[in-house]
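To start, the structure under review is shown below, and the notes come after it.
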Amino acid sequence: MKRLYKIIGAILILGVILVCLPIVIPKLMGFQEYNVISGSMEPEIPVGSLVYVKPADFSELGIGDVIAFSSGASVVTHRIVDIDSDNLLITTKGDANSANDFMPVAYTNVLGRVLVHIPVLGSVAALLTETSGKAVAVVVLLVGVFFIKLGEKNPKVTESATDGTLNSSVDNLKGNTASNNRINPKVVLALGMCIIIGACGGIFYIYNGYEKSESLYESLANEFITVTESSDWQDMIEVDFDRLTAVNSDVIGWIYVEGTDISYPIMYSGDDETYLHTMIDGNYAKAGSVFLEGANSSDFSDSHSIIYGHNMRNLSMFGTLKYYKSDENYLDEHRYFQVITPTGKMRFEIFSYFDTEPASWVYGLPYSDSDEFQDYINRLITHSYRDIDTDEIVDSDDQIITLSTCSSSGMRFTVHGYMVARM
C-alpha cells in the first residue's frame with residue numbers, strides 16, 4: 001500500500017511538472033506564447049491551442065505564413081494572404097472567416113510568425129495564469145507531496161546475533177540497486193516544491209499587482225481630480241492636467257463614464273503595446289492603463305477614436321462595461337461618458353454596444369465626413385444589442401468614440417458614443 005501511495009504522489013507531481021514544461025521552456029528559448037480563444041483559424045488551429053511565436057524580419061514573412069500581431073489591445077493570430085513590400089503592410093485573414101481582415105497590418109504591429117501550436121495546452125496555460133488555476137496546481141502538488149510522505153518506509157535492518165552487520169549491508173546494497181532503476185522520489189518532491197513556491201509567488205504577485213494598481217489610481221483620483229454632484233455635466237469632474245502631466249507626459253486626457261467607477265487617465269504612446277500592461281507611473285501591472293489607439297490623433301480630432309481598457313475581474317478599468325449587456329436598466333442610468341482634455345471637455349451619448357472579433361471592421365480608422373463613414377455608423381447601429389433612442393440622429397458629421405474591452409470566447413465588447421456637447 002505504501003508503494004501505491006508513492007506512485008500516486010509521483011504521478012500527481014510529475015503531471016503538473018509535465019504540464020508546466022512546454023509552457024516554461026519555450027519562453028526561455030525566446031518564444032512568445034499565446035492562447036487561442038477565437039475560432040477564426042479553425043480547423044488548422046483549434047480554440048484552446050497554445051501557439052508558439054518567434055520574431056521574424058519582414059523579409060522572412062511570406063504568403064501563407066500564420067503570424068501573431070497586435071490589434072488594439074488584442075493579439076490576433078491570422079494567415080498572411082498578401083504583402084505590400086513597399087509600405088510594409090500585410091493583409092491577413094482567418095482561415096474560418098469569409099473575408100480578409102478589415103485593415104492591413106503594419107509590420108511594426110507584427111509580433112512574429114507562428115511556428116507550432118499545441119491543442120488544448122492554451123486553455124491549460126490560461127488557467128494557470130489565473131489565481132484559481134495556480135491554487136489548483138498548488139493543491140495537486142501538496143496532495144502529491146502528502147502521498148509521497150505517506151508512502152515513505154522506515155529503514156529496516158535485518159540483524160542476527162552473528163551476522164547482523166552483513167545482512168544490513170546486503171539490504172542497503174539491494175535498496176541502492178533498486179533505487180537506481182527508478183525515479184528518485186526526492187527529485188520529484190524537490191521539483192514539486194519549487195512549483196508550489198512559484199505558484200504561491202504568482203498568486204501573491206497577481207494580488208499585489210491588483211492592490212498596487214487600485215492604490216495608484218485611487219491616489220491619482222484623490223490628488224488630481226475634483227468630483228462634484230452636479231446636474232450640469234460640465235461641472236461633474238475637474239482634472240488638474242498641469243500636475244497630472246508632470247507625473248507622465250503621455251497623459252492626453254481623462255475618461256469618466258458618468259455615475260460609474262470608470263474614471264481614469266487616458267494614455268497615448270503612438271502604439272498599442274506600451275500601456276497595455278504598464279501603469280501611468282511606468283511600472284508593470286496586468287491592469288495596465290486606459291489608452292488611445294496608436295493610429296488616432298492624440299488631440300481627439302479624428303472622426304472616430306478608439307479607447308482601450310482591460311476587463312478586470314475586480315471590475316477596475318473597463319470591467320463594468322459588461323453591465324451594459326447584462327443589465328437592461330444599466331444604459332438608462334449610465335447613458336453618457338466624458339472625455340476631458342487639457343483644452344476642454346466633451347460629452348458623448350452611447351448609441352450602440354455589441355461584441356465583435358478582435359480584428360473586425362469595428363476597428364477601422366481613420367474616417368471623415370463621408371458616405372463611407374455614414375455606412376460605418378449605420379453598421380454600428382444595426383449590430384447593437386439594443387435599439388437605442390438617442391437625443392439626435394447620429395450621422396457622418398458627428399465625432400464617434402469607441403470604448404473597447406475584452407469579452408468572452410475571444411470576442412471584444414465595444415461601446416460607441418457620439419459627441420453631444422463640448423466646452
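Note: relative contact order over the chain, using C-alpha pairs below 8 Å and six or more positions apart, is 14 percent.
Magnitude of the charge dipole for the chain, about its Cα centre and with charges confined to Cβ atoms of Lys, Arg (+1) and Asp, Glu (-1), is about 3780 debye.
Can you tell me the dipole magnitude for the range 232-422 around its Cα centre, using point charges on the Cβ only (Lys, Arg +1; Asp, Glu -1), in Debye to the nearest 20?
Roughly 760 debye for the range 232-422.
Taking Cα atoms only, the orientation of helix 2-28 departs from the longest principal axis of the chain by about 40 degrees. Protection proxy ranking, highest mean first, for peptides 274-281, 245-252: 274-281, 245-252, where packing is the per-residue count of other beta-carbon atoms within 10 Å, averaged. To the nearest ten degrees, helix 164-179 and the longest principal axis of the Cα atoms of the chain are 30 degrees apart. Convex hull volume per residue, computed on the Cα atoms of the range 232-422, equals 115 Å³. For the chain, the average shadow cast by the Cα convex hull is 27.5 nm², which is a quarter of the hull's surface.
Annotation: peptides 58-71, 113-126, ranked by per-residue average of other Cβ atoms within 10 Å with the highest first, follow the order 113-126, 58-71.
When both the range 362-423 and the range 257-309 are represented by their alpha-carbon centers, they are found 18 Å apart. Once the gyration tensor of the Cα atoms in the range 1-145 is diagonalised, the equivalent ellipsoid follows with semi-axes of 38, 14, 12 Å, ordered largest first. Of the peptides 48-54, 216-222, the ranking by mean beta-carbon count within 10 Å, highest at the top, reads 48-54, 216-222.
Straightening the chain between residue 375 and residue 313 buys 18.8 nm, computed as 0.36 nm per residue apart minus the Cα-Cα spacing. Between the helical axis of 371-383 and the longest alpha-carbon principal axis of the chain there is an angle of about 50 degrees. Each label was represented as a point 7 Å from its Cα along the Cα-to-Cβ direction; for residue 84 and residue 100 these points are 0.9 nm apart.
Only the coordinates and a few stated rules stand behind these numbers; no lab work does. Predicted, not measured: the structure shown is a model, and the values here were computed from it. In this analysis, Cβ positions are derived from the backbone assuming ideal geometry, glycine residues included, and neighbour counts consider all displayed protein chains.
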